[in-house]
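Everything on this sheet refers to the single structure shown next.
The values are calculated or read from the model by the stated rules, or taken from the named source; none is laboratory data. Just so you know, these numbers come straight off a predicted model, no measurement behind them. Here the Cβ is made from the backbone with ideal geometry for all residues, glycine too, and neighbour counts use every protein chain on show. Side chains are part of the model used for accessible areas, which takes the heavy atoms of the whole protein and leaves out ligands, DNA and RNA. Shrake-Rupley method; radii C 1.70, N 1.55, O 1.52, S 1.80 Å.
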Amino acid sequence: MTIPANRRFWMAALADKCPAELSHTTKGPKIVPANPHLTDNYWVELSGDIVVARLRGPVTEEALAILHERVVMLLQSTASRRVLYDALEMDPPTVELTLVQQRMSEAVHQKSGRVAILVPSTRIAYLSRIAFGRSEHRVFYNDLADAIAWLNDTAE
């Protein structure tokens, strides 16, 4: 099995940023992060001066609360004021979960200057606008480069 170049880069970057146990299998090395901020369905990391929160698969209220807590913790402990929520691989949440995020996002609004939300579909985009309606935010459809450019643009 050949790992695509973008995944090899991500795996190398992950290995450099956090300690990991390497277990070799017949299919190649498997990286098991020792960082508690990384899980299978969500993780939060600082990339340059942008707090990146990624969501994958189905999201529960508990997972959303943990993710939110880690985003706020990074915003408080660093000089970063920009957040990127990557929901490209997230299953569409329920409206109830969107309203939970709306209540929790108040702390992010107070700590951050800009919030970019990366989405794969109009449904998740609509729910994201509801969840982050009070902040300076922008929703991006499958365009990571544009989201990062907007977060870094201070002219607006």
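List of remarks:
- Residue (of THR78, ALA145, LEU118) at the positive-pole extreme of the stretch 63-156, dipole from beta-carbon charges: THR78
- Fraction of accessible area attributable to carbon and sulfur, the stretch 42-152 (%, probe 1.4 Å): 53
- For the stretch 42-152, the extents of the C-alpha atoms along the principal axes are 33, 27, 24 Å, listed from largest to smallest.
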